Amino acid sequence: MKTLSSVLLMLVASASPSWAQARQQMAKPELPPAEEPQIAMFDVADIVQSAAERQGEWAELDQASRLAALRERGEQLAEVLAEFVQPSLFEGREEIRILDNKTLIGALRSAQRDWIQEQLDRLRVSPNEMILIEWRSARVSEELVRQLGLSPKQHFVDDLPGLLESLQSHAADLLLAPRVMVFNGQRFSIQVTNQVAYVKAYEVHESVEPTGARLVDPVVDVIEDGLLFDGRALVVDDGQIAMSFKITHSELERPILTEETDHGPIGLPIVHIRSIESRTVLASKQAMIHLTTESDGQVLLEILRVEIVN
């Protein structure tokens, strides 16, 4: 089970005291708990059922498909609570599982049990609470980064419109990915890709009737580049959203290199892949900025914004 100290952490200056304390705990290796974990059980049948029924096609599903949907929602609930529970789980001694899509069971400390109960109560009170997730990126010069007062570290911005206006006034080319709206606690995925076709190889048919001539057919393949942004988000306090996510950029070198063969040229695509994996806590309507200096000296500026929608 992945612990909270195993990934990069980004701190929010304006966080509530409880989450400020939690992030201090996440920022250092976790020590074995002084309190022995005890078995705790939570009835979550109503939460799992409600989450499964929110699928638009629920009424048309057969019994097997409904059971699969319940199983998926139950597993997602267990995973998101295990990922964000405070204090974080101590690997090898504490865990959370779902039984029969109805019962959460875990080896937990008292503070963890209380935290989970609070989250379950929230899901019951606000079952339709949703989270809006937006992502933007731009390639800008290091000089513009300095003018905007940004450093290589992460930044948290409350005045996102002002920042976007500054970027646009400097002719920055902003890429806006599709927005995604997810129910509280669910996984999300944003994908923006380009598909490029190329000749991968040739198939040679030695004898073709009726002439007996040799036929050469190109084998065409498709390669993708672009953005994949996925993760999960959970409302943990009023106005506070805990997130874990991974952003993967794939960039295809253009034009595609070619190599001559006896039957014609074939493509040799080269794709550069880099990933950002992180955890953070954001206030609703707050934005986070991440900067990456690229090999050509340009800076990739990425903006993540979240908002609670009731």
* Asked: From the list I223, I241, I190, which residue is modelled with pLDDT of 90 or more and within 25 Å of A52 (Cα to Cα)?
  -> I241
* Structure fact -> Those residues of the range 262-286 which are in contact (Cβ under 8 Å) with a residue 60 or more places away in the chain and farther than 30 Å from W135 by Cα amount to H263, G264, P265, I266, G267
* Structure fact -> Restricting attention to the range 92-132, the residues that are over 22 Å from R187 (Cβ atoms) and under 23 Å from the mean Cα position of the chain (by Cα) number exactly 0
* **Residue pairs meeting the criteria (Cβ under 8 Å; at least 6 apart or on separate chains; first small (G, A, S), in the range 140-152; second surrounded by 13 or more Cβ atoms within 10 Å (Cβ to Cβ) and at pLDDT 80 or above)** => S141/Q298; S141/V299; S151/L291
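Residues are listed down the side, and each one gets a yes or a no for (1) surrounded by 13 or more Cβ atoms within 10 Å (Cβ to Cβ); (2) modelled with pLDDT under 85:
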site	(1), (2)
A138	yes, yes
L150	yes, yes
L163	yes, yes
Q168	no, yes
A197	no, no
E206	no, yes
* Matching residues in the range 228-259 - criterion: being in a strand (DSSP E or B) and surrounded by fewer than 18 Cβ atoms within 10 Å (Cβ to Cβ) -> L228, D230, D237, K246, T248, S250, E251, L252, L257, T258, E259
* Out of (1) more than 17 Å from the chain's Cα centre (by Cα); (2) at pLDDT 90 or above; (3) in a strand (DSSP E or B); (4) not hydrophobic (A, V, I, L, M, F, W, C), the odd one out for E307 is which? -> (1)
* Just name the residue that is nearest to E35 (Cα to Cα) out of those in the range 93-108 that are in contact with a strand residue (DSSP E or B) (Cβ under 7 Å, 6 or more places away or on another chain) and surrounded by 19 or more Cβ atoms within 10 Å (Cβ to Cβ). => L108
* Failed condition for D296, given (1) without any contact (Cβ under 8 Å) to a residue 24 or more places away in the chain; (2) of a type outside the set (V, I, T); (3) touching a helix residue (DSSP H, G or I) at 6+ places or on another chain (Cβ under 9 Å), with all others met? -> (3)
* **Scope the range 282-299; condition hydrophobic (A, V, I, L, M, F, W, C) and under 18 Å from the mean Cα position of the chain (by Cα); matching residues** => L282, A283, A287, M288, I289, L291
* To do: Kindly indicate whether L148 is under 20 Å from A287 (Cα atoms) and touching a Leu at 6+ places or on another chain (Cβ under 8 Å).
  => yes
* Asked: How many residues does the range 97-155 hold that are among the small types (G, A, S) and part of a loop (DSSP other than H, G, I, E, B)?
  -> 4
* To do: Of the conditions (1) within 30 Å of M130 (Cα to Cα); (2) part of a strand (DSSP E or B), V220 clears all except one; give me its number.
  => (1)
* To do: Considering each residue of the range 268-292, count those that are part of a strand (DSSP E or B) and over 26 Å from Q195 (Cα atoms), and give that number.
  => 11
* Test L268 against the stated conditions and say whether it is in contact with a helix residue (DSSP H, G or I) (Cβ under 9 Å, 6 or more places away or on another chain) and over 30 Å from Q119 (Cα atoms). => no
* To do: Evaluate the range 80-92: report whether one residue or more is surrounded by fewer than 16 Cβ atoms within 10 Å (Cβ to Cβ) and either in contact with a Phe, Trp or Tyr (Cβ under 7 Å, 6 or more places away or on another chain) or not assigned by TED's automatic domain parsing to the domain that holds L301 (or both).
  => yes
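The values are calculated or read from the model by the stated rules, or taken from the named source; none is laboratory data. Note that the coordinates shown come from a computational prediction; the quantities given were computed from them, not determined experimentally. Note that we place each Cβ from the backbone using ideal geometry, even for glycine, and neighbour counts take in every protein chain shown.
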